[in-house]
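The values are calculated or read from the model by the stated rules, or taken from the named source; none is laboratory data. Note that the structure is a prediction, hence the values are computed from the model and not measured. We place every Cβ from the backbone using ideal geometry, glycine too, and count neighbours over all the protein chains shown.
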Amino acid sequence: MADLIRHTGMVHRWVEQMIRARAAERADQASVEATLPADRSQYGEWLTDGAAKVTATMRAAGPDAECWAYGPDQHVRWWARRGAHETTLHHADLVLALGGEPSLDAGLSADGIDELLAFLPYGRRTKASMAELPTGGETLHLHGTDGAGEWMIRLTPDGMTWQRGHGKGDVAVRGAVGDLLLFAYGRYSPDHPRLEVLGDRGLLDVWKAKTTL
């Protein structure tokens, strides 16, 4: 729990610093002061203080203000969207840490999968590893069973491409879209009882190994 709070609070302060400075380059996270209070009873206040500050800075800047970001959309709006999904994911981490099962909003989760697939080629951990994916046109299908979305992912010599829609994949993962989001982020394994895998499990394992953040 302390690790989760420290990470989330550090990200709040890191992003707030870059937006406030309208940074043109990525700031070093080590330069950000994000030390947890010595008194654990103050963890909640420390976390919410960072969240309030980054939210206020985003609103003051506006969505179209320029700021360094991963990928081509170098604007504050990119960080607002990423922050929404990072918060959703880490709330799920909290629920899982307490032994519960997260229940995620289907619409927000569908946008979260869109955002993640768009982000993967630019992520610090995934940018290099994705170059090791197969390139023979292999396809993966994420099949949302609650009507909130489906995705077709294709692995090509030019990299991974994706689009919304139904199709026949070499491997398919079926489940509620919120559960597919947790799977895509590595919180659920393919063997999770909320998911069903059909097709080439080996391809799925390779894709997961190279794309998990």
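The table for this structure:
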| item | result |
| --- | --- |
| Some residue of segment 116-128 being in contact with a Pro (Cβ under 7 Å, 6 or more places away or on another chain) and in contact (Cβ under 8 Å) with a residue 40 or more places away in the chain | no |
| The one condition in (1) surrounded by 12 or more Cβ atoms within 10 Å (Cβ to Cβ); (2) closer than 25 Å to LEU4 by Cβ; (3) not hydroxyl-bearing (Ser, Thr, Tyr) that ALA38 fails to fulfil | (1) |
| Strands (runs of 3 or more DSSP E) wholly inside segment 133-199 that include at least 2 residues being under 22 Å from GLY100 (Cα atoms) | 171-175 |
| Candidates GLU45, GLU25 - the one that is in contact (Cβ under 8 Å) with a residue 12 or more places away in the chain and either of a type in the set (Asp, Glu) or over 22 Å from GLY112 (Cβ atoms) (or both) | GLU25 |
| Flag for ALA69 being under 15 Å from VAL11 (Cα atoms), touching a strand residue (DSSP E or B) at 6+ places or on another chain (Cβ under 9 Å) and either modelled with pLDDT of 95 or more or outside the structural domain of GLU25 (by TED's automatic domain parsing) (or both) | yes |
| Filter result (of a type outside the set (S, T, N, Q) and within 19 Å of the chain's Cα centre (by Cα)) within segment 179-191 | ASP179, LEU180, LEU181, LEU182, PHE183, ALA184, TYR185, GLY186, ARG187, TYR188, PRO190 |
| Residues (touching a Leu at 6+ places or on another chain (Cβ under 8 Å), surrounded by fewer than 17 Cβ atoms within 10 Å (Cβ to Cβ) and closer than 19 Å to GLY202 by Cβ) located in segment 121-153 | PRO134, THR135, GLY136, GLY137 |
| Test: residue in segment 84-93 that is of a type in the set (S, T, N, Q) and assigned to a helix (DSSP H, G or I) | yes |
| Count - residues of segment 50-99 that are of a type in the set (Gly, Ala, Ser) and farther than 30 Å from MET1 by Cα | 5 |
| Index of the failed condition, SER103 passing every other in (1) among the small types (Gly, Ala, Ser); (2) surrounded by 12 or more Cβ atoms within 10 Å (Cβ to Cβ); (3) in a loop (DSSP other than H, G, I, E, B); (4) in contact (Cβ under 8 Å) with a residue 40 or more places away in the chain | (2) |
| Set THR161, THR139: member being at pLDDT 95 or above, out of contact with any Gly (no Cβ under 9 Å at 6 or more places or on another chain) and either of a type outside the set (D, E, K, R) or not assigned by TED's automatic domain parsing to the domain that holds ARG26 (or both) | THR161 |
